[in-house]
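Below: one structure, written as structure tokens.
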Amino acid sequence: MASLVMGFWVSPISSISLRRSRRHKFIVKAQNFDDVRDSTVLSSESVNGIASSSSSSSSSSSSSVVVENETQKNGSLLSAIVEKDKIIGNSTNDNTVLDEEEELAPLWNDGYGNLTVKDYFVAAKEMNKFSDGGPPRWICPLDCGHPFKNSPTLFFLPGIDGTGWGLALHHIALGKAFEVRCLHIPSHDRTPFEGLVKLVEEAIKLEYALSPKKPIYLVAESFGGCLALAVAARNPTIDLVLILINPATSFGRSQLQPLLPILEVMPDELHATVPFLLGFIMGDPVKMASVNIGDSLPPTEKVQKLSNNLISLLPYLNELADIIPRETLLWKLKLLKSAASYANSRLHAVKAEVLVLASGDDNMLPSANEARRLGGLLQNCRVRNFPNRGHTLLLEDGIGLMTIIKGTCMYRRSRRLDLIKDFIPPSMREFRYTMDQVVGLYRSLIGSVMFSTLEDGTIVKGLSGVPDEGPVLLVGYHMLLGTELISIIDEFLSQKGIMVRGIAHPELFTGRTENLSSEYSIVDWVKVFGGVPVSASNIFKLLSTKSHVLLYPGGAREALHYKGEEYKLIWPDQPEFVRMAARFGATIVPFGAVGEDDIAEILLDYNDLMKIPIVNDFIRDGTRDTNKFR
């Protein structure tokens, strides 16, 4: 059987000098062969709850959690882009620490699907097998690699499993944008909740002292959500961003409450059945087994691969008995009770920016109701609901944490969000998923074709007539609802690998369209694909960075035109974008689209709606504070 190599960095936080601009990490490797019993494992000793390496190990050719793993690509693109994707994918498994990148290129490899839930169980089991029984410590998975320049730090706070591997499916993507550190709580550790709060608090205070102008991210699931809220309440002056996945602040209303007394008196012989019960309660096995199955596969092949994944996954549920022994489970349940009580009593003191991700089919906690409750109590809280998802949201198929962070505009590298400097272009997986799943039906129905004009006036199919180098300003007529944007973004990325930054309506960024029941929607995908609110300063910044910018001078008035105004330009007499483009020497590319205004008949236009009581008041209120760019 192939060897299992588990890679992680141990972060010696306590020994960092405040004068250092860059933290050093020591590579620690645990290797186990089935046919070799004397596998060497690094021992570690704890310094203030932070593990430090006490010996060195031989180098390894792989830094991933599992050496042998096949990744299924979704969709199909040009061979050049796919080949580039493979090259990038191979580079993520290199142990060599590369120089910091300035930024990521469009269609970068986020590594989603490289690891599966089975790998999570294997890694968690190995962590427990080689545990020294010491106190909690921070680990940095090698799969995270090295982030690009000036990236903030992300601390992951685990659920009751305590392994710290809950982000296993997201390590590569998060590692591009964050310095990732995961809290590992050994199964036999009995540190009380207040002790864990102090440990996390020490880590963020030190990080804040090192980089006071950067935000600090706390990504926490279940029990970790209580821990993150407690730390945020005790440190209101530190710039914290909390991302809570099904937080256990609702533990008092858990569906498992009737089972807790039974677990306490259950004989040891029956404890082996508990992992199977918890395994099915924590998440949907089918969604977990679908992580590395491509959407483009034929149905029969997809069913066959899903069946094989399920068969290989189910035996690992028994590993929960080793990951969470009986005594540990009882201790964690008591810890959950005290954690929920501690966090709930201090919600009023939380000043941090909070994003709550709630599963609609959580069989362990009433997460959907709890998200609405927290959204109403916390001062700066947003909610995204995920129907038909289980408790272990981050281990299920189709959930990309980095995508969610980008789509909710939660990623920033300084105290204030800068949609131009902080923008991370879509990855190959995000591009394929969006074009196949989110807008796939629309793309198949319209079958758009693009033509461009060369310098000699020749009209050719494709975008070869559009300059590859920016700054470029694409200026066009805003057709009905502007759905031609999908084709433009698609073609520029697939043909040229260029990210077109669209100037969007500011209402998409104000949060007025959100509520405590909001799901991850097309509005969030607009932000993932580079949309920025219309303003002179944003266009100035984009042109100054030599970007390709898409602008509709007609704005919402042109997109929601009246009856009889099909294909009519409604532009200002003296559009200001011309002078701004001239200042930066930008190439202005005028474009038009044909067909979109013909697919629908307008029954009620603005003039008709303004004659309807109540509706006209709603329209006036909605347009009163909007920005206009001329």
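Cα centroid distance between region 112-133 and region 419-456, in Å?
36 Å
What is the extension gain from residue 444 to residue 202, computed as 0.36 nm multiplied by their sequence separation minus the C-alpha to C-alpha distance, in nm to one decimal?
On the way: separation 242, 0.36 × 242 = 87.12 nm, distance 5.33 nm.
Taking 0.36 nm per residue and subtracting the Cα distance, the gain is 81.8 nm.
Please find the FRET efficiency linking residue 562 to residue 621, where r is the Cβ-Cβ separation and R0 is fixed at 25 Å, and quote it to the nearest 0.05.
0.75
Arrange the peptides 548-555, 333-340 so that the one whose residues have, on average, the most other Cβ atoms within 10 Å appears first. Write out the running numbers ahead of the final one.
Working: 548-555: 23.2, 333-340: 20.1.
Sorting 548-555, 333-340 by mean packing, highest first, produces 548-555, 333-340.
Taking the Cα-to-Cβ direction at residue 522 and at residue 266 and moving 7 Å from each Cα, how far apart do the two end points lie in nm?
Placing both labels 7 Å along Cα→Cβ, they lie 4.7 nm apart.
Using the Cβ atoms and a cut-off under 11 Å, what net charge is assigned to the surroundings of residue 254, where Lys and Arg are +1 and Asp and Glu are -1?
Taking every other residue near residue 254 into account, the sum is 0.
Once Rh is set to the Kirkwood radius over Cα pairs, what Stokes-Einstein translational diffusion coefficient, in µm²/s, holds for region 439-623 at a temperature of 20 °C and a viscosity of 1.002 mPa s?
Details: Rh = 18.1 Å.
Here the translational diffusion coefficient equals 119 µm²/s.
Place the peptides 434-443, 158-167 in order of packing, highest mean first, counting for every residue the other Cβ atoms within 10 Å and averaging per peptide.
158-167, 434-443
Can you tell me the mean projection area, over all orientations, of the convex hull of region 126-243's alpha carbons? Units nm², please.
The directionally averaged projection comes out at 7.0 nm².
Cβ neighbours within 10 Å, averaged per peptide: list 234-240, 196-202, 510-516 in order, most packed at the top.
196-202, 234-240, 510-516
Along the Cα→Cβ direction, 7 angstrom out, place labels at residue 256 and residue 234. What is the inter-label distance in nm?
2.4 nm
All of the numbers you see were taken from the coordinates with simple rules; none came from a lab. Note that the structure is a prediction, hence the values are computed from the model and not measured. Counting neighbours? That spans all protein chains shown, and the Cβs are built from the backbone with ideal geometry, glycine included.
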